[in-house]
Amino acid sequence: MTFVKICGVMSVEDARVCVEAGADAIGLNFAPSSPRCVTREVAAAIVASLPGHVLSVGVFVDADYAELVDTQRQVGLGCLQLHGSEAPELLARCLPHAYKAIRVQGAASIDEAARYPGDHILLDAYVPGVAGGTGHTFDWELAARIARARKLTLAGGLRPENVAAAIAAVQPYCVDVASGVEAGVGKKDPARVRAFVENAKAAAV
């Protein structure tokens with residue numbers, strides 16, 4: 001079955017909703033520009049509430065190595081997601097528990113993804129001035145090409161209504177959702193979280 005990550009979690013309560021729905025991973029955003037940004041203290045409380053089988057992923061935008069390592073250590077993060085303009089060399093220093101997110105602008109993004117090391121890669125929609133959580137989709141055929149060679153996390157505009165079609169088209173290792181399961185920015189809708197996880201887990205792969 002497809003791995004499911006619920007991103008932009010901002011409270012212990014919402015983390016529990018995601019866990020009870022069957023999510024495999026929780027994303028915590030540390031980018032100051034994001035409306036879903038959390039403090040290290042809040043993030044640490046969320047991570048402490050997670051059962052051992054649920055992966056905690058810290059999402060960063062153009063943080064330096066010291067900040068990445070310090071935050072990972074203080075919060076107890078299981079993995080790092082680099083969602084800005086980070087160099088391949090920075091990602092390499094963080095492996096194996098890290099991966100790069102690429103905002104897809106066309107076929108050139110396939111070459112861009114190839115520059116980054118590691119088994120895992122994330123593809124998200126490109127929206128000028130916004131790092132992620134936009135609710136926009138992109139050409140899934142490009143994603144499918146990368147999914148044949150890498151463990152791909154598919155993000156960008158996913159929601160309960162289209163996640164099964166996305167999985168059928170792309171065959172990703174993981175699907176990642178933020179705004180598509182929210183009642184408001186940063187507040188998860190329990191019914192939509194449950195529907196997203198159920199539809200993703202039931203999708204043909």
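No value in this document is a laboratory result; all are computed from the given coordinates. This one's a predicted model, so the numbers in the text were calculated from it and none came from an experiment. Methodologically, a virtual Cβ is constructed for each residue, glycine included, from the backbone with ideal geometry; neighbour enumeration extends over all protein chains shown.
What about Leu91, is it touching a strand residue (DSSP E or B) at 6+ places or on another chain (Cβ under 6 Å), farther than 30 Å from Ala202 by Cβ and free of Cβ contacts under 8 Å to residues at least 60 places away in the same chain? Steps first, please.
Numbers: touching a strand residue (DSSP E or B) at 6+ places or on another chain (Cβ under 6 Å): yes; farther than 30 Å from Ala202 by Cβ: yes; free of Cβ contacts under 8 Å to residues at least 60 places away in the same chain: yes.
It is true that Leu91 is touching a strand residue (DSSP E or B) at 6+ places or on another chain (Cβ under 6 Å), farther than 30 Å from Ala202 by Cβ and free of Cβ contacts under 8 Å to residues at least 60 places away in the same chain.
It is to be established whether one or more residues within the range 188-198 are touching a residue at least 12 places away in the same chain (Cβ under 8 Å) and not in a helix (DSSP H, G or I). Explain how you work it out, then say what you get.
Start the filter on the range 188-198 by keeping residues that are touching a residue at least 12 places away in the same chain (Cβ under 8 Å), which leaves 188, 190, 192-198.
Filter once more, so that each one left must be not in a helix (DSSP H, G or I): 188.
There is at least one residue in the range 188-198 that is touching a residue at least 12 places away in the same chain (Cβ under 8 Å) and not in a helix (DSSP H, G or I).
Hey, can you tell me all the residues within the range 93-113 that are touching a helix residue (DSSP H, G or I) at 6+ places or on another chain (Cβ under 7 Å) and surrounded by 16 or more Cβ atoms within 10 Å (Cβ to Cβ)?
Just the residues of the range 93-113 that are touching a helix residue (DSSP H, G or I) at 6+ places or on another chain (Cβ under 7 Å), to begin with: 93-94, 98, 100, 102, 104, 107, 109-110, 113.
The answer is Cys94, Ala98, Lys100, Ile102, Val104, Ser109, Ile110, Ala113.
Can you tell me which residues in the range 54-107 are farther than 23 Å from Leu154 by Cα and in a loop (DSSP other than H, G, I, E, B)?
Matches in the range 54-107: Asp64, Gly76.
Which number in (1) among the hydrophobic types (A, V, I, L, M, F, W, C); (2) over 17 Å from Ala125 (Cα atoms); (3) out of contact with any strand residue (DSSP E or B) (no Cβ under 8 Å at 6 or more places or on another chain); (4) not in a strand (DSSP E or B) marks the one condition that Ala144 misses?
Exception for Ala144: condition (2).
On the given criteria, is Ile46 touching an Asp or Glu at 6+ places or on another chain (Cβ under 6 Å), closer than 27 Å to Val197 by Cβ and either without any contact (Cβ under 8 Å) to a residue 24 or more places away in the chain or not in a strand (DSSP E or B) (or both)? Working first, answer last.
Values: touching an Asp or Glu at 6+ places or on another chain (Cβ under 6 Å): no; closer than 27 Å to Val197 by Cβ: yes; either without any contact (Cβ under 8 Å) to a residue 24 or more places away in the chain or not in a strand (DSSP E or B) (or both): yes.
Against the criterion (touching an Asp or Glu at 6+ places or on another chain (Cβ under 6 Å), closer than 27 Å to Val197 by Cβ and either without any contact (Cβ under 8 Å) to a residue 24 or more places away in the chain or not in a strand (DSSP E or B) (or both)), Ile46 does not qualify.
Which condition number in (1) assigned to a helix (DSSP H, G or I); (2) surrounded by 19 or more Cβ atoms within 10 Å (Cβ to Cβ) is the one that Glu41 fails?
(2)
Among the residues of the range 157-187, write down those that are of a type outside the set (S, T, N, Q) and assigned to a loop (DSSP other than H, G, I, E, B). Talk me through it step by step, then tell me what you get.
To start, the set of residues in the range 157-187 that are of a type outside the set (S, T, N, Q) comprises 157-161, 163-170, 172-178, 180-187.
Result: Gly157, Leu158, Arg159, Pro160, Glu161, Pro172, Tyr173, Ala178, Val185, Gly186.
Give the residue that is farthest from Arg192 (Cα to Cα), with candidates limited to residues of the range 26-37 that are crowded, with 23+ Cβ neighbours inside 10 Å and touching a Gly at 6+ places or on another chain (Cβ under 9 Å).
Restricting attention to the range 26-37, the residues satisfying the condition of being crowded, with 23+ Cβ neighbours inside 10 Å are 26-30.
Those left that are additionally touching a Gly at 6+ places or on another chain (Cβ under 9 Å): 27-30.
Details: Gly27: 17, Leu28: 19, Asn29: 20, Phe30: 24 Å.
Once the filter is applied, the top-ranked residue is Phe30.
In the set Asp14, Asp70, Asp64, which member is among the charged types (D, E, K, R), out of contact with any Ser or Thr (no Cβ under 9 Å at 6 or more places or on another chain) and surrounded by 19 or more Cβ atoms within 10 Å (Cβ to Cβ)?
Going through Asp14, Asp70, Asp64 in turn, the sole match is Asp14.
Return the pair list, or none, for Cβ contacts closer than 6 Å from residues in the range 101-113 that are under 13 Å from Arg150 (Cβ atoms) to residues that are acidic (Asp, Glu), at least 6 apart or on different chains.
Ala101/Asp124; Ile102/Glu112
Consider only pairs whose beta carbons are under 9 Å apart and that are at least six residues apart or on different chains; among these, list those whose first residue lies in the range 58-75 and is over 15 Å from Ala48 (Cβ atoms) and whose second residue is acidic (Asp, Glu) and surrounded by 13 or more Cβ atoms within 10 Å (Cβ to Cβ).
Phe60/Glu86; Val61/Glu86; Asp62/Glu86; Ala63/Glu86
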